[in-house]
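Accompanying notes for the structure given below.
The values are calculated or read from the model by the stated rules, or taken from the named source; none is laboratory data. Source: prediction; values computed, not measured. For neighbour counting, all protein chains shown are included, and Cβ atoms are generated from backbone atoms with ideal geometry for every residue, glycine included. Each accessible area value is taken on the protein alone, full model and side chains, heavy atoms only, with ligands, DNA and RNA left out. Shrake-Rupley method; radii C 1.70, N 1.55, O 1.52, S 1.80 Å.
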Amino acid sequence: MSARSAERSWCVVVPHHASGARLARHRLAAVLSDEVPPPLLADLVAVLAELVGNAVRHAEPLPGGVVRVAWRLRAEGDGQHVRIRVTDGGAASPPRMRTAGLDAADGRGLHIVAGLASRWGVDRDGLGQSVWADFDPAEVNRPDLVAAG
């Protein structure tokens, strides 16, 4: 196993609008389709859609009416490590997992993120907030292994 790792990053700005999630998903899929295995790409696209959708629905935009979407790919001996980061203008309260009733129309997004990513979190600074999700091959939780709550 090589001790070297290669790292690349991408950043795109999308509208603070429902169309922003679609644009971000398509861009990530186009860039990473030849870089990561298809099951990982599907998880990345799903998580990105949730994070951008949450930013549009629950947070303020960044100046210019946008959301910043970034991802970093680091290739190492055990596979592809990916971090997705979605930055918005912030909200009154930080993102948190909620309990959604069986008939609820929403409230499951961060459960999806937690089930697909190795870990996720929120960073706040003077510009707003960033919600990030890490995908590490040895640590990723598979949806079929997540206990029903």
Next on the checklist: Regarding segment 89-107, can at least one residue be identified that is in a helix (DSSP H, G or I), surrounded by 17 or more Cβ atoms within 10 Å (Cβ to Cβ), modelled with pLDDT under 95 and of a type outside the set (S, T, N, Q)?
Outcome noted: no
Item to check | Meets criteria (modelled with pLDDT under 95 and not in a loop (DSSP other than H, G, I, E, B)) for Arg74 | outcome: yes
Next on the checklist: For the condition in contact with a helix residue (DSSP H, G or I) (Cβ under 7 Å, 6 or more places away or on another chain), over 16 Å from Asp134 (Cβ atoms) and of a type in the set (A, V, I, L, M, F, W, C), what is the one hit in Ala91, Ala59?
Outcome noted: Ala91
Checklist entry - For segment 60-80, how many residues meet the condition of being open to solvent by 20 Å² or more (accessible area, probe 1.4 Å) and out of contact with any Gly (no Cβ under 6 Å at 6 or more places or on another chain)? => result 14
